[in-house]
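Beneath this line is the structure, given in structure tokens, with notes to follow.
The values are calculated or read from the model by the stated rules, or taken from the named source; none is laboratory data. Every value quoted in this text rests on a predicted model; they were computed, and no experiment measured them. Using ideal geometry, Cβ is built from the backbone for each residue, glycine included, and neighbour counts are taken over all protein chains shown.
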Amino acid sequence: MNSRFLLYSFVFLSGFIFSNVQFSQKDILNADEAFVLSSLILENKIFLSWNIQPGYYLYKKSIVVKAGNEILEHNHITKNESKISDEFFGDSIIFKDVLKVEAELVHVNLSEPQSIEVIYQGCAEGKYCYPKILKSL
């Protein structure tokens, strides 16, 4: 019985210790450093810009712009787009370097308090994929 307890303890502790290794690597930036987001609202449009650090990328299908509960259609203005074969998401389109997006706020009444949210997800190439990131503007 003691050897079984010792074995389970070893497996649990080694899994716990090694599960945090990816987060302690100094060469992985936090999400705000890897994907620097800027935004600007002018009249009935919102302009978003990401400065994506070298060695990092954003997934095209992960980018969502919301006003309240409404998902806004958006256009990719400036993009460095390429395809990858991802082990988790399959064939995916990604953006590197700089991405600029424009969304219209036609049906959004900006005189009333509205939460505008941006959702996106990306990865450090070959190292780590971040969970979805939600920013309120």
(request) Output the residues belonging to region 49-85 that are in contact (Cβ under 8 Å) with a residue 24 or more places away in the chain and charged (D, E, K, R). (result) Lys60, Lys61, Lys66, Glu70, Glu73
(message) Suppose we keep only residues that are at pLDDT below 95 and among the aliphatic types (A, V, I, L, M) within region 41-64. Which one would you say is surrounded by the most Cβ atoms within 10 Å (Cβ to Cβ)?
(response) Ile46
(request) Looking only at region 113-128, count how many residues are in contact (Cβ under 8 Å) with a residue 12 or more places away in the chain and more than 14 Å from Ile52 (Cβ to Cβ). (result) 8
